[in-house]
Amino acid sequence: MIGIFGGTFDPIHYGHLRSALELKELFELDHIRLIPCAQPVHRDLPMATAMQRLEMLQLATQNQTDLIVDAQELQRTGGSYTFDTLTALRHNYPNVQLLLFIGSDAFNEFTTWFRWRELFNLAHVVVITRPNAELNNPLNRFFAAKLTDEKQLLKEHCFGHLFFQEITQLAISATAIRGMIAEHKSPRFLLPDAVVNYIFQHQLYF
Ligand code: ATP
């Protein structure tokens, strides 16, 4: 089983890293792929360059062999579509369970994603929720048919289910980190020291 955790990672922080590790353990995954997007389709452009975001991810995950940095979206031209990413992974791992992790905010917009229905022919979709969080909208009929609360089914099939997983998220956001740096406050202990040093060396987010 392989987990897929996409994001802008501008910059990567302990909120991302703790969640990825917890998800890896909860679902007994072989590894999680952290996939930085090139041009996000649904949000503003990142402040750091693609190469800088990638280098920060690599620094943050060195020595952690179960968190793999996957640069495929940076190597493609144009917008980053989850459909393309999952298609490529499915090609490389034809008979492996793929779990696409998305936040509940992203899930509320999911039906605007490119070829969103077909994503379920490529992977399971696991929505990460905060404890006791309520979804904005009731599930549409398509999602209701995919929904399961049996984790075992995710192991038995390679794709096709929708699952909700609660995790305790650390109250850390990349936006807040960028804001602190712009105000000359220290972001230390919210992200790995190696990443903090990189940010200062490259004078990012000032
Ligand atoms: P920004 O503040 O710039 O929006 P972010 O910190 O939310 O950034 P992203 O790169 O946009 O980071 O997030 C990638 C993924 O990580 C998203 O699915 C998001 O829901 C999730 N995520 C972000 N912050 C946390 C956190 N503190 N704990 C767990 N997951 C998080």
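The values are calculated or read from the model by the stated rules, or taken from the named source; none is laboratory data. Bear in mind the structure is a predicted one, so any value in this text is a computation, not a measurement. A quick note on method: Cβ atoms are made from the backbone with ideal geometry, for glycine too, and the neighbour counts reach across all protein chains shown. What goes into the accessible areas is simple: the full protein's heavy atoms, side chains included, and nothing from ligands, DNA or RNA. Shrake-Rupley method; radii C 1.70, N 1.55, O 1.52, S 1.80 Å.
Taking GluC sites (Glu not before Pro) in DSSP loop states with no more than 14 other Cβ atoms inside 10 Å as exposed sites, the chain has its longest site-free stretch at 29-108. Remark: the Cα gyration tensor places the stretch 1-66 in the prolate category, a/c being 1.5 or greater and a/b exceeding b/c. To the nearest 10, the accessible area of Leu29 is 10 Å² with a 1.4 Å probe. Annotated for the chain: lysine pairs at least 8 residues apart or interchain, Cα distance under 26 Å, count 4. Full extension of the chain between Arg130 and Arg18 yields a length gain of 38.9 nm, computed as 0.36 nm times the residue separation minus the alpha carbon distance. Taking all protein chains together and rolling a 1.4 Å probe, Asp84 ends up with roughly 50 Å² accessible.
When you restrict to C-alpha pairs under 8 Å that are six or more residues apart and normalise by the size of the chain, the relative contact order lands at 24 percent. Prolate is the label for the chain. Its Cα gyration tensor axes, ordered a ≥ b ≥ c, give a/c of at least 1.5 and a/b above b/c. Sites listed here are chymotrypsin sites (Phe, Trp or Tyr not before Pro) in the stretch 86-195 whose DSSP assignment is loop and whose Cβ has at most 11 other Cβ atoms within 10 Å: Phe189. Subtracting the Cα-Cα distance of Asn197 and Glu183 from 0.36 nm times their residue separation leaves 3.4 nm of extension gain.
The label-point distance for Ala145 and Gln72, in a model that sets each label 7 Å from Cα toward Cβ, rounds to 2.6 nm. Between Glu118 and Gln64, the C-beta separation translates, for a Förster distance of 30 Å, into a calculated FRET efficiency of about 0.40. Helix-only arithmetic for the chain: the sum of -39500 (n - 2.57) across DSSP H runs with n ≥ 4, divided by the residue total, places the mean residue ellipticity at 222 nm at -10000 deg cm²/dmol.
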